[in-house]
1. For Ser216, what is the net charge nearby, where nearby means another residue's Cβ is under 14 Å from its Cβ and Lys, Arg count +1, Asp, Glu -1?
2. Under a 1.4 Å probe, what is the accessible area of the range 5-167 per residue, stated in Å²?
3. What 222 nm value per residue comes from the helices of the chain, counting each DSSP H run with n ≥ 4 as -39,500 (n - 2.57) and dividing by all residues, nearest 500 deg cm²/dmol?
4. Taking the mean number of other Cβ atoms within 10 Å as a proxy for protection, how do you rank 2-9, 180-187 from highest to lowest?
5. Which order do peptides 209-219, 93-103 fall in by mean Cβ count within 10 Å, highest first?
6. Can you give me the Kirkwood hydrodynamic radius for the range 179-396, using every pair of distinct Cα atoms, in Å to one decimal?
7. Under a 1.4 Å probe, what is the accessible area of the range 179-396 per residue, stated in Å²?
8. For labels at His126 and Asp257 in the simple 7 Å Cα→Cβ model, what's the distance in nm?
Amino acid sequence: MKYDLVLVRFGEITIKGRNRNRFEAMLLTRIKSALKAMPKLEYVRGYARVYIHLNGESYEQVSDRLKDIFGIQTYSPVISSKHDLEAIRETSLQMMRSLKTEPKTFKVSVKRGWKQYPHDSIEMNHLVGAHVLRNTPDLKVDVRAPDVELKIDIQHESAYIYCEVEKAAGGFPLGMNGKGMLLLSGGIDSPVAGWMAMRKGLKIEAVHFHSYPFTSEQAKEKVITLAKRLAYYSGKIKLHLVPFTELQTKLAQSGHDSLIITLMRRSMLKITERLAEENGALAIVTGDSLGQVASQTLGSMNVIGRSSSLPLLRPLVMMDKQDIIDCAERIGTFQTSILPFEDCCTLFVPKSPATQPNLTLVERIEAHMGEELERLIDEAVQGTEVLVLREDGVEAPAGESKEEDAWF
């Protein structure tokens, strides 16, 4: 079946009142960006929807991109028809015969956007349904729970006919809810947290802490690959590579082995908060899942989280590990995440890390380190390398151009 256009339906933004037009315009911009490799496409914006005219482009290629765009709820491949009754009936029959799975029951649902059409919706339901039944004798009508619903949308310019409704990513358009900094470790959880944050309308910039030479160049490349995969969903992403060797080594020498992980993660949040202030981000996103490891008990998350004044968003906090793995496989990050290259979080791990750290003691240790701790945090921020990763995999140093700043 050669389709003429794709009908794209929006998700939650359709209930956003006065801001709705702005959010729909943001989503249309993202759709055009994701489909820029197909220049023949034409876009017509309607009420809570977009019509994408294929003009000979592949529906399958368009579908592959649409399903991963945040803010799109569903979409349908459509055949257009002239307004006269016989053309609509024949096109409807053609659509029913082209279905991948032959249905046993169906119903016709006609919507008249063009109110001057000579037949009303109920009359059209009967006229089209009777024609389909006459030409497919094994098919029956079921208006309550049909196998297929044949939908006909009669607009002023054409009649649009479709049956399939494909599910997309849903959520909000990217950037609708501001910007957050994602702690990207290289494991399974943090890329999933980043994807879920983007699905709720956050632009994200990723922050990765490396401890060269304790961690390898392969570990760094692994994180870059994960960030590129996230860029597939956002179009572009900044990756901040933070040198953590000296600070991590100093924390390991503090003499409080059971608190090393707590101290390390508090320092990570302090550095990330500084990067957030420099880049206009209003939250920090982490891959914490309650009770999964020692640093993710409620007591640990409480003490660690108090080191930052920014909101900490934990999309995975109530998810089971298998649910997280399933999502990682679905979004294409799992196979990279399980590559056996160490990151800084696996260094200096004590045999018995504290699961209920004492906030007063932790703050006393940091106060004892005093200006040296602040100096090491400053140096880590200043030594951060920034890459811009694009959805086509091309990477470049972050620049200061107005075009780039406007996008981010």
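The values are calculated or read from the model by the stated rules, or taken from the named source; none is laboratory data. The structure displayed is predicted, hence computed values, not measured ones. Reconstructed Cβ throughout: ideal geometry from the backbone, glycine too, with neighbour counts over all protein chains shown. Note: accessible area is taken over every heavy atom of the protein model, side chains too, but ligands, DNA and RNA are not part of it. Shrake-Rupley method; radii C 1.70, N 1.55, O 1.52, S 1.80 Å.
1. -2
2. Ligands and nucleic acids excluded, the figure is 53 Å² per residue.
3. It comes out at -12500 deg cm²/dmol, rounded to the nearest 500.
4. Averaged packing, sorted descending, gives the order 180-187, 2-9.
5. Top to bottom by mean Cβ count within 10 Å: 209-219, 93-103.
6. Here the Kirkwood hydrodynamic radius works out to 17.3 Å.
7. Accessible surface, normalised per residue, equals 42 Å².
8. 8.6 nm
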